[in-house]
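**Student:** If you scroll down you'll find the structure; I have some questions about it.
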Amino acid sequence: MEYSTFFVKSYGCQMNIYDSEKIISILENRGLKKNQDVESADLVIFNTCNIRDKAAHKLYSDIGRVNKYKKERTIAVVGCVAQAENEEMFSKNKSIDIILGPQSYHLLPQMIDDIKKNPKQLNTEFIVNEKFDYLIEQKRKQGVSSYLTIQEGCDKFCSFCVVPYTRGPEYSRPLSSLLNEVNSLTDNGAKEIVLLGQNVNAYNIFHNGRKINIADLIEEISKNENVKRIRYTTSHPINMSDNLIELHSTNDKLMPFIHLPVQSGSTNILNKMNRKYDVSYYRKIIDKLKIVNPKIEISSDFIIGYPGETEEDFQKTLKLVDDIKFTQSYSFIYSARPGTKSALQDDKTPLNVKKERLLILQDKLKNIQLEFNETFCGKNIEVLVENQSMSNPEFFFGRTPFMQSVYIKSSEINPGELKNVNISTCNHKNLYASC
Ligand code: SAH
Ligand code: SF4
Ligand code: F3S
C-alpha cells in the first residue's frame, strides 16, 4: 500500500516523547503527513512503555480499537514493550505489522518499504550510536522549551525495573553532536534546554583526551547566549557528583529544581531495591544542594508497596517527605514486571493496603505542593513563556524556575519571553497571573 498519513501515540516517559518527536520528523521528511486522529491514518505507530503493567496492557486495548476503524493500514509497535516482548507480540496480536525496539527506530522508513516483500518486520537490536548519527539530521521544530537526549540506557539494575533490559547499557552522546543539536534548537526558537537521560547525570565521555561529565556539558551549553535556562532529568542520587552540585551555585542558567527520585524513605527497602544508596546518603545530597543554593527545590518518584514493605517502612517514607518537602512528585504502586529480580519475590501486602498507603502519601505530597505554591501568591516571579492558549488567546502558559505551571492573562507578552509576573492565585497544580 501507499502511505500518505500517519499517527503516533506515546505511552511513556519524556524520553519516549522525545523519541516520538524524532519519529515524526523522519516520516515528515519522507513526505508523510501527521494525523491528529487515529481513524484514517495509513500508518499507526504506538510508542510503548513497559515500566508498569498498566501501560503495557493499554497498548493491546488500543490496537483492538484501531482495528475497528480501517482494515487497510499498517500498525507499528515501537519502544520499550516492543523491546521486551519482541516477536512474541506477533502471535499475541495478529494485526501488528512492525515491531521496533527503542534503539532502532531510524530504520522505520526502510521497514515500511520492505513490508511489501515481507509483511512482518522486526528489529530490536541495540545500535544506539547509529540511531543518534541518523537522528541528528532530522530537524523538527521543538518549542521554547526543548528536550535534548544526552544519555540513554541504564547499568544500575534496580530490582524492580525493566529499563536496563529495554534501553540497554548506559551510552552518552558525543559533545560535538550535542552542541550542534543545541544550536539547531535555538535557531528554531528554543530558550530552555532540558537534558534527558534515563540516568542523565551519569553522562560521561572522553573529548580531546579529557573526561567530560554532565557539569562540563552544562557549562558548554551555557555558552550559547540564546539558551536562557537549562534543566536535566532524570538524575540518579549516586551520580550527583560534587561538581554538578557546585554548578548550582555558579551557573545562573541552571534552574534550581532537581528531579531526584528516592523511591522509598526506608533503607531496608532501598537495599532490597538495589538502589545503591541509603536514606542518610540521600539526605546528605539534599543538604549539600541546599548549602550551595538554598533556593533549590526537589521532586521525586516513589514506589509504594514494594515486596516486603512494612507499615514501619512506609512511615519512614512519610517522614522523609515531611523533612525534604518535595514540591512535585510522582508516586506509583509497585508493579511486578516480568524478567526483573523482584518479580520473583513473595509479595504478601494486600493491594488494598498498598492503595491506602498511596492515597496517604499522595495527599501529603499534594498539601506540600499547595503550601509551596501559596508562598508565591502576591509575589513576582520570572516565568519563561512557552505558548499561547489556542482556545483562549488572551491566556499564555509558562513555567517558573521551579517548574510550576503558570497561566498568565496578558495582551503584551510573547512565547519565548522571560517575564516577571505577579501571581494572584494558585491551586496545588498551577499558579495564575496577569501582566
Ligand atoms: N532512572 C530513574 C527512573 C526511571 S523509571 C531513577 O532511577 O530514578 C521512572 C520511575 O518509574 C521510577 O523512578 C520508579 O519510581 C517508577 N517505576 C519503575 N519501575 C517500576 C515498577 N516496577 N513499579 C512501579 N513503579 C516503577
Ligand atoms: Fe530503572 Fe533503576 Fe535504572 Fe532508574 S536507575 S532506570 S529505576 S534500573
Ligand atoms: Fe517507559 Fe521505556 Fe521510558 S519503559 S518509562 S518508555 S524508558
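The values are calculated or read from the model by the stated rules, or taken from the named source; none is laboratory data. All of these numbers come straight from a predicted model, not from anything done at the bench. Cβ: placed from backbone, ideal geometry, glycine included. Neighbour counts: every protein chain shown. Just so you know, the surface numbers come from the protein's heavy atoms only, side chains and all, with ligands and any DNA or RNA stripped out. Shrake-Rupley method; radii C 1.70, N 1.55, O 1.52, S 1.80 Å.
**Student:** Can you list the helices (runs of 4 or more DSSP H) found entirely within the stretch 142-224 that contain at least 3 residues being out of contact with any Asp or Glu (no Cβ under 6 Å at 6 or more places or on another chain) and within 16 Å of ligand 1 (Cβ to nearest atom)?
**Tutor:** Ranges flagged: 163-166.
**Student:** Quick one: in the stretch 248-304, of everything that is more than 15 Å from ligand 2 (Cβ to nearest atom) and among the acidic types (D, E), which residue is nearest to L195 (Cα to Cα)?
**Tutor:** D252
**Student:** Kindly establish whether I214 is in the same structural domain as Q142 (by TED's automatic domain parsing), in contact with a Phe, Trp or Tyr (Cβ under 7 Å, 6 or more places away or on another chain) and within 16 Å of V182 (Cβ to Cβ).
**Tutor:** It is true that I214 is in the same structural domain as Q142 (by TED's automatic domain parsing), in contact with a Phe, Trp or Tyr (Cβ under 7 Å, 6 or more places away or on another chain) and within 16 Å of V182 (Cβ to Cβ).
**Student:** What residue, among those in the stretch 1-47 that are among the aromatic types (F, W, Y) and over 18 Å from G143 (Cα atoms), is nearest to the chain's Cα centre (by Cα)?
**Tutor:** For the stretch 1-47, the residue satisfying everything is Y11.
**Student:** Please specify each residue of the stretch 35-64 satisfying the condition of being outside any helix (DSSP H, G or I) and either in contact with a Gly (Cβ under 9 Å, 6 or more places away or on another chain) or of a type in the set (A, V, I, L, M, F, W, C) (or both).
**Tutor:** If the condition is that a residue be outside any helix (DSSP H, G or I) and either in contact with a Gly (Cβ under 9 Å, 6 or more places away or on another chain) or of a type in the set (A, V, I, L, M, F, W, C) (or both), then V38, A41, L43, V44, I45, F46, N47, T48, C49, N50, I51 are the ones that fit.
**Student:** I would also like to ask the following. Quick one: is P294 assigned to a loop (DSSP other than H, G, I, E, B) and touching an Asp or Glu at 6+ places or on another chain (Cβ under 7 Å)?
**Tutor:** Criteria not met by P294.
**Student:** Return only the number of the condition from (1) within 16 Å of ligand 2 (Cβ to nearest atom); (2) more than 23 Å from K325 (Cα to Cα); (3) not β-branched (V, I, T) that N208 does not satisfy.
**Tutor:** (1)
**Student:** Residues that are within 22 Å of N213 (Cα to Cα), among the hydrophobic types (A, V, I, L, M, F, W, C) and either within 18 Å of the chain's Cα centre (by Cα) or within 16 Å of ligand 3 (Cβ to nearest atom) (or both): does the stretch 223-236 have at least one?
**Tutor:** Yes: one or more hits.
**Student:** Applying the selection to the stretch 245-284, what residues are hydroxyl-bearing (S, T, Y), surrounded by 22 or more Cβ atoms within 10 Å (Cβ to Cβ) and in contact with a Pro (Cβ under 8 Å, 6 or more places away or on another chain)?
**Tutor:** Scanning the stretch 245-284 gives a single hit, Y282.
**Student:** Take the stretch 48-66 and flag every residue that is within 16 Å of ligand 1 (Cβ to nearest atom) and touching a helix residue (DSSP H, G or I) at 6+ places or on another chain (Cβ under 9 Å).
**Tutor:** Hits for the stretch 48-66 are T48, C49, N50, I51, A55, A56.
**Student:** Here is a follow-up. One residue is enough: does the stretch 14-34 have a residue meeting the conditions surrounded by 15 or more Cβ atoms within 10 Å (Cβ to Cβ) and assigned to a strand (DSSP E or B)?
**Tutor:** Within the stretch 14-34 (the criterion being surrounded by 15 or more Cβ atoms within 10 Å (Cβ to Cβ) and assigned to a strand (DSSP E or B)), the answer is no, since none of the residues qualifies.
**Student:** Here's another thing I want to ask about it. Any idea which residue in the stretch 325-350 is nearest to ligand 1 (Cβ to nearest atom), counting only those that are assigned to a helix (DSSP H, G or I) and open to solvent by 20 Å² or more (accessible area, probe 1.4 Å)?
**Tutor:** Looking at the filtered set, the residue picked out is A343.
**Student:** Pull up the stretch 65-94, narrow it to residues that are small (G, A, S) and in a helix (DSSP H, G or I), then point me to the one that is nearest to V44 (Cα to Cα).
**Tutor:** Across the stretch 65-94, the extreme among qualifying residues is A82.
**Student:** Answer yes or no as to whether F6 is away from ligand 1 (no atom under 16 Å from the Cβ) and either open to solvent by 50 Å² or more (accessible area, probe 1.4 Å) or touching an Asp or Glu at 6+ places or on another chain (Cβ under 7 Å) (or both).
**Tutor:** Yes.
**Student:** Quick one: how many residues across the stretch 245-275 are touching a residue at least 12 places away in the same chain (Cβ under 8 Å), more than 9 Å from ligand 1 (Cβ to nearest atom) and closer than 17 Å to P294 by Cβ?
**Tutor:** The qualifying residues number 11.
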